[in-house]
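So the structure is just underneath, and the comments pick up after that.
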Amino acid sequence: MQIVLIVVPILLVVGLVLIYNGLVQMRLLTRNAWADVETMLQRRAELVPNLVETVKGFATYEQSTLDRVLQARNQAAEASSITSRASAERQVGAGVVSILALAEAYPDLKAGQAFLKLQEELSQTEKLIANARQYYNACVRDYNIRREKFPNSLVAGQLGFAQAEFFELDDPGQATAPSLKGLP
């Protein structure tokens, strides 16, 4: 009987430690994945002003389009939650697509080396963002599943493990990189 009184508390402590360490590992993996998403979004944010400046010289009367893209970029940078960031990034993505569409009206712009280089970098960045977002959401899914599983669910909330937010886009068309068909 004394052995049971010693072994049971030890097993409970070991179980609690294993649950805690597993949740910590998944939370850190999720945070790291979000940092990767933010890195790619920052890369796009740095490309947008260069793209706007390149187009500005050719499309002076398209200033309102260019201003909207820069405003969306600034809102994305100031977003305080993952949900608001996703909403702002949708606007940035739509703005980038509209700038790239402007190139159709300006053959000199379409042929310019600076524009072509920015277009290529932007296309690659959009693919990286999509991949990083997919990995982040997979990490969130795995973390949330581990958090909700029994017996983890009994202690996760008490130990401060809140549910993680997905980086979701409302428009399913935004789930892929913008199409650059028709552009060189």
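Extension gain for SER84 to ASN50 (0.36 nm times residue separation, less C-alpha to C-alpha distance): 9.8 nm.
May I ask you to derive the FRET efficiency for ALA77 and LEU159 from their Cβ-Cβ distance with R0 = 30 Å, giving the value to the nearest 0.05? Don't skip to the answer; put the middle values down first.
Working: r = 33 Å, r/R0 = 1.09.
My answer for the efficiency is 0.40.
In a reduced charge model with +1 at each Lys and Arg Cβ and -1 at each Asp and Glu Cβ, the chain shows a dipole moment near 520 debye about its Cα centre.
Relative to the longest principal axis of the Cα atoms of the chain, the long axis of helix 82-102 makes an angle of roughly 20 degrees. Measuring r between the beta carbons of ILE145 and ASP108 and using R0 = 45 Å, the FRET efficiency lands at 0.25. Angle of helix 2-56 to the longest C-alpha principal axis of the chain, folded into 0 to 90 degrees and rounded to 10: 0°. When nucleic acids and ligands are ignored and a 1.4 Å probe is applied, LYS149 ends up with an accessible area of around 120 Å².
Where does the charge balance sit around ARG44 when Lys and Arg score +1, Asp and Glu -1, over other residues with C-beta under 10 Å from its C-beta?
Numbers: positive: ARG43, ARG73; negative: GLU46, GLU89, GLU121, GLU126.
Taking every other residue near ARG44 into account, the sum is -2.
Calculate what fraction, in whole %, of the accessible area of the chain sits on carbon and sulfur atoms when a 1.4 Å probe is rolled over the protein chains. After summing per-atom areas, the C and S share lands at 57 percent.
Kindly provide the helix-only [θ] at 222 nm of the chain, computed as the sum of -39,500 (n - 2.57) over DSSP H runs of four or more divided by all residues, to the nearest 500 deg cm²/dmol?
On the way: 6 runs with 137 residues, N = 184.
Computed mean residue ellipticity for the chain: -26000 deg cm²/dmol.
Over region 62-171, all Cα pairs binned in 5 Å intervals from 0 give whole-percent P(r) values of 2, 10, 14, 17, 15, 12, 9, 7, 5, 4, 3, 2, 0, listed from short to long. Between the listed residues LEU122, PHE150, ALA88, the Cα displaced farthest toward the positive end of the dipole of region 84-170, a dipole computed from Cβ unit charges relative to the Cα centre, is found at PHE150. Among ARG90, ARG43, the order of accessible area from largest down is ARG43, ARG90, computed with a 1.4 Å probe on protein heavy atoms.
The values are calculated or read from the model by the stated rules, or taken from the named source; none is laboratory data. Computed from a predicted structure; not experimentally measured. Don't worry about glycine lacking a Cβ; one is built from the backbone with ideal geometry, like all the others, and counts go over all protein chains shown. Side chains included, ligands, DNA and RNA excluded: accessible areas come from the protein's heavy atoms. Shrake-Rupley method; radii C 1.70, N 1.55, O 1.52, S 1.80 Å.
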